[in-house]
Amino acid sequence: MVLEWQIVFDWTHAGPTIVAAFLASLVEFIEALTVVLAVGAVRGWRGALAGTGAALAVLVLMTAILGPAITRVPQGVVQIALGTLLLLFGMRWLRKAILRAAGIIPLHDEDAAYAKESAAMRALGMRARRWDRIALATAFKITMVEGVEVVFIVVAIGGGGGGLLLPASVGALVALLLVTALGVALHRPVAMIPENTLKFAVGILVSAFGAFWIGEGLGLAWPGGDWSLLGLNAGWLMMSLLLVILCRHRSRMSPSVARSEA
Amino acid sequence: MRALLAIWRECVGLFVDDGRLVACVLLWLAACWILLRPLGWSPILLAVGLAAILAENVLRRAAERS
């Protein structure tokens, strides 16, 4: 019975940790894949894959150094610092996902991003025979830019509570394998996955984690203990869905062209 | 130097889209730090305040379309 409760207790953290890390990483890896595919198709696969591989190695090293280092800082300090960053990150995604779902700002289009990147690669002229430096640098840069966000999410979500780095890393790794498999199988951008829905879910999960860690770091007692994390997720979800409806209503009342927001 | 600035901008961009949202969140967290802990109030107030800040932000943004 005690063991059963221990497993349930642990899963209230580990479950959302895996899901949040998986979904957030999925979004980032899909965006990176779009650019890597464009680079590979236009400028050759050798440079594109080498750049991607080098960036992934740097990212794994960053996680291996940052993750354990954070566990040496007092937990209260880590929870407040990482909780604040998670909250800012999560609320930024949630805000954008709500505005996109309500039609206030345009949705992200992977096919359009692929076409734009392919055109940019072609405009750079002839490619080198063996190692194309442009392909290598572009693939390295995009994988680093998107991957740093993944490292942040893994370290921030995993570093706030004891033993959560492993579940967070597993979530990110599964996302990487899935996106790689899709890239190899499809050879085109993964546009069929509803990116805004993923961002919506990640925004909710990460914001809930952020608020929870800050409360814990401040020494406040959440009602229901760790179970309140599930309550926070439910609360953010209901509020966000309500906000989409309210924003749609507001935008219908004041029609004009949707403004782009980076 | 230019590369360092680009990296810095990318890092800031992870957390900041709308400066007003960030400022409101940080102010609310500071207020919670000062008030909630000494008074022993429920952390639910923390979450409710954050939800209110997000609601105000997106509804204002929706109204700005006009």
Largest first and in whole Å, what are the equivalent-ellipsoid semi-axes of the protein assembly as shown based on the Cα gyration tensor, each being the root of 5 times an eigenvalue?
35, 25, 17
What percent does the relative contact order of region A:2-253 come to when contacts are Cα pairs within less than 8 Å and at least six residues apart?
41 percent
Applying the span-like rule to chain A (DSSP H, Cα extent along axis at least 18 Å, Kyte-Doolittle mean at least 0.0) gives A:2-43, A:45-70, A:75-101, A:133-159, A:165-186, A:195-217, A:228-253
At R0 = 45 Å, how high is the FRET efficiency between A:A57 and B:L39 if r is their beta carbon distance? Nearest 0.05 is fine.
0.35
Taking beta carbons within 10 Å but only from partner chains, what does the mean come to for residues A:48-59?
0
Averaged over peptide B:39-47, how many Cβ atoms belonging to another chain are found within 10 Å of each residue's Cβ?
6
Along the charge dipole of chain A, which of A:G15, A:A185, A:W131 sits closest to the positive end, that is, farthest toward it, with unit charges on the beta carbon of Lys, Arg, Asp and Glu (+1, +1, -1, -1)?
A:W131
Mind telling me which of A:P167, A:P68, A:P189 comes out most flexible in a GNM of chain A, alpha-carbon contacts under 10 Å?
A:P68
Treating only Lys and Arg (+1) and Asp and Glu (-1) as charged, each at its beta carbon, one finds that region A:2-253 has a dipole about its Cα centre, in Debye to the nearest 20, of 1080 debye
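Starting with the highest mean, order B:49-57, B:22-30 by the number of other Cβ atoms within 10 Å, averaged over the residues of each peptide.
Highest-to-lowest ranking by the protection proxy: B:49-57, B:22-30.
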Could you work out the mean count of beta carbons from other protein chains within 10 Å of each residue's beta carbon in A:100-113?
1
Summing -39500 (n - 2.57) over every DSSP H run of at least 4 in chain A, dividing by its residue total and rounding to the nearest 500, the 222 nm mean residue ellipticity is -28000 deg cm²/dmol
Cα-derived Rg to Rh of chain B, Kirkwood definition:
1.13
Taking the beta-carbon count within 10 Å as an exposure proxy, list B:L14, A:L124 from fewest neighbours to most.
A:L124, B:L14
Quick check for me: using +1 on Lys/Arg Cβ and -1 on Asp/Glu Cβ, what's the dipole size of region A:22-155 about its Cα centre, in debye to the nearest 20?
420 debye
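Since every read-out is calculated from the coordinates, none of them should be taken as a lab result. Everything quoted here is computed from the prediction, not taken from an experiment. Quick reminder, even Gly has a Cβ in these numbers, built from the backbone with ideal geometry, and neighbours come from all protein chains shown.
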